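All remarks here apply to the structure that follows.
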Amino acid sequence: TYSKVTPRVNALYSFPGKNLVVRASFGQIVGLPGTGQGAIALTPVKPQTTDQMDFSVEKQLNINLFKASIYDKKISDTIAYSQFVTGPQQTAFSTMNAGRSTSRGWELSWEYNPHEFNPTPGQLRDPQGMNAFVLVAGNKSRFENGNTSLVTPQDQGTTITAGVGYKFANNFNSSLSL
């Protein structure tokens, strides 16, 4: 059993008549090791604590939503993974606490969602229809002790994700992401 109070503060400002939203947040997040992911030499893996700051800007143009965001994470007791046998293939690994680390990143996204966005306030739209999105994200993580042999789930490099979906009349959604 683990318990801890984690503070979070969020702020949002919507510019009247501009279809523009600015968001900022700070939060502390606790990450627990997965069940069965345990110890090296009988040393238990402690939960990691992340202090995270986010900032984003969203702009709606007709039925398109564009978003840009950045984030900064400072992580204590980082949960990291080390392969028992190094190489390109996935092998057995161990989970451990690897000290302090940082993770900084950015995201750019476009969303086409005509059944959700309404350029004319006060008018209802048909909730059915197609939607689509593209997300490009970049991230760089590093350990403060300079260790480069460990892997953290936060280190994703640059990724591109795209998807399409359809929302049916009964609120059933079907989608495909790449």
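Every number here is computed from the coordinates shown, using simple stated rules; none is lab data. If you're wondering where the values come from, they're calculated on a predicted model, not measured in any experiment.
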What are the lysines whose alpha-carbon lies under 20 Å from the alpha-carbon of LYS73, with same-chain residues fewer than 8 places away excluded?
-> LYS4, LYS46, LYS140
Residue-by-residue Karplus 3J(HN,Hα) for segment 68-75, coefficients 6.51, -1.76, 1.60, Hz, glycine and proline x = 10, 8, 10, 8, 9, 10, 10, 10
